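Input: a single structure, listed below in structure tokens.
The values are calculated or read from the model by the stated rules, or taken from the named source; none is laboratory data. This one's a predicted model, so the numbers in the text were calculated from it and none came from an experiment. Cβ placement follows ideal geometry from the backbone for every residue including glycine, while neighbour counts extend to all protein chains displayed.
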Amino acid sequence: MNKLIEKYDRPGPRYTSFPALPFWKNDLDEAQWVEHIRESLLIEPAIDLYIHIPFCQKLCWYCGCNRIITKDQKRSNEYIQALKNEWSFYLHHFPGIEIKSIHFGGGTPTFLPAEQLNELLSIFSNHIDPKFIGSIEIDPRTVDRDQLIVLKSFGFKRASLGIQDFEEEVQIAINRIQSYSLVEGVVKMLKETGFESINFDLIFGLPKQTVKSINDTIEKVSNLDPDLLAFYSYAHLPERIANQKLINEEFLPIGKDKRELYEKGKAALFKAGYFEVGMDHFAKSESYLYKAFDNKKLHRSFMGYTDTKSSTLIGLGATSISNTRTSFRQNEKDVKSYVAQMSQIALPVNQTSHVLSSSDQVTNDIIQSLMCNLQADITLLREVEMWSFIENGLSEFEKDKLLRIDDDMLYITEIGRIFLRNICMVLDPYLGKKGALRFSQTV
């Protein structure tokens with residue numbers, strides 16, 4: 001295994017989209033974007049909605065999200081109005097739009113008090129699909145029962161808690177201190193309020209983590225019994241993420257030490273009754289995510305893995321990403337600029353976009369199938385321009401027993417799951433044009 005890690009561990013995309021965002025061509029204007037949505041809605045009339053809330057009360061030193069640190073809740077007033085104006089733009093063009101799901105991300109969505117959550121969610125009330133699912137990312141330090149009651153009244157059933165690690169020494173090293181008892185109380189509130197699914201986000205590779213601290217954390221996680229878990233690798237990129245310079249690199253586990261944290265952590269999760277799902281995710285057998293994975297119906301979007309996905313995703317707020325089957329579009333990243341642009345009903349100035357070519361669509365479908373279900377039909381891939389290069393790359397992975405190919409089906413092996421990003425990279429014609437050094441390590 002160590003030889004394989006040495007061979008394949010390199011910077012590479014996580015493939016929440018293909019092409020990865022740094023390779024988007026910015027070839028989509030407002031009129032074209034509206035037309036792409038119109039065509040997508042003809043195929044499937046319901047959309048998924050992502051809402052980005054960028055505010056956080058405290059700075060977590062490891063975090064690479066787009067956020068503003070403030071304790072002044074009045075800061076959100078003009079931002080809420082900007083979200084309303086952006087939504088009004090879409091209603092102007094698509095008055096009969098239906099919402100299949102809403103996902104709140106951040107930042108910290110629970111920065112918004114119950115009154116503001118109610119105010120914001122009310123503008124979507126007349127457009128909710130009967131099969132609606134609501135989900136939200138929660139900071140255990142900034143959530144209360146009133147917020148959960150509002151969310152539940154609008155059909156929210158799924159919550160994701162940022163845990164990272166329960167070891168106090170690790171929490172101090174990353175400036176995110178939250179006790180086990182605090183998280184236990186939030187989980188109890190969620191269940192009492194009627195939330196049906198709870199996810200915990202954990203991170204390995206943080207400063208001062210040890211095998212013991214990882215095992216202790218997972219034991220505490222098991223006691224709280226969330227049905228879903230994400231177990232992410234910490235990507236230390238201080239040259240890109242300024243606040244990561246606050247982390248003492250002396251205490252970061254690297255190389256074999258970091259990999260051992262993952263392997264021991266994964267073993268502890270298996271022992272606690274979790275099954276590996278897709279990449280970096282684990283689920284109890286009774287969870288909706290495991291059932292989707294088991295039935296080869298798992299999906300993936302910019303928000304993570306899910307059991308259902310619309311053809312159209314509309315993202316509201318600064319840095320939010322939208323997509324149709326044939327295009328991607330990202331809003332203005334700077335919050336002040338976004339709010340200024342949205343002082344009237346309009347679409348934020350297009351910062352980044354991409355229209356997928358027919359070849360892009362083929363590769364995207366195959367990569368997403370591999371990322372979700374660990375298998376893909378590669379029939380159409382044989383027709384792309386760089387097939388001979390791809391075939392050679394896949395052959396090398398097959399020699400290393402990371403995948404197998406039967407006729408036109410590609411299957412990821414158990415050991416190959418670790419190198420899933422590497423396998424997808426050999427399908428990616430964009431990497432050779434600009435290189436992959438802007439990404440985190442693949443293993």
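Residues of the stretch 245-262 that are assigned to a helix (DSSP H, G or I) and surrounded by 15 or more Cβ atoms within 10 Å (Cβ to Cβ): Lys258, Arg259, Glu260, Leu261, Tyr262. Among the residues of the stretch 1-54, the ones that are hydrophobic (A, V, I, L, M, F, W, C) and outside any helix (DSSP H, G or I) come to 10 in all. Cβ separations smaller than 7 Å between residues 6+ apart or across chains give the following pairs from the stretch 147-162 residues that are touching a residue at least 24 places away in the same chain (Cβ under 8 Å) and surrounded by fewer than 22 Cβ atoms within 10 Å (Cβ to Cβ) to residues that are among the hydroxyl-bearing types (Ser, Thr, Tyr) and in a helix (DSSP H, G or I): Ile149/Thr193; Lys152/Thr193.
Applying the condition of being part of a loop (DSSP other than H, G, I, E, B) and in contact with a helix residue (DSSP H, G or I) (Cβ under 7 Å, 6 or more places away or on another chain) to the stretch 263-291 and asking which residue is farthest from Gly205 (Cα to Cα) yields Lys284.
Checked against the criteria, Ser135 does not count as of a type in the set (Gly, Ala, Ser) and more than 22 Å from the chain's Cα centre (by Cα). The strands (runs of 3 or more DSSP E) found entirely in the stretch 299-365 that carry 1 or more residues being among the hydroxyl-bearing types (Ser, Thr, Tyr) and either within 30 Å of Ser287 (Cβ to Cβ) or under 15 Å from the mean Cα position of the chain (by Cα) (or both) are 299-301, 304-306, 321-324.
Gln209 passes every criterion in (1) polar (S, T, N, Q); (2) within 23 Å of Cys56 (Cβ to Cβ); (3) surrounded by fewer than 18 Cβ atoms within 10 Å (Cβ to Cβ) apart from (3).
Taking the stretch 75-109 as the range and being in a helix (DSSP H, G or I) and of a type in the set (D, E, K, R) as the test, the residues that pass are Arg75, Glu78, Lys84, Glu86. Considering the stretch 221-244, the residues that are buried (at least 17 other Cβ atoms within 10 Å of the Cβ) and in a helix (DSSP H, G or I) include one that is modelled with the lowest pLDDT, namely Gln244.
For beta carbons closer than 7 Å, sequence separation of 6+ or different chains, a first residue in the stretch 223-242 that is among the β-branched types (Val, Ile, Thr) and a second that is surrounded by fewer than 17 Cβ atoms within 10 Å (Cβ to Cβ), the qualifying pairs are Ile241/Gly64.
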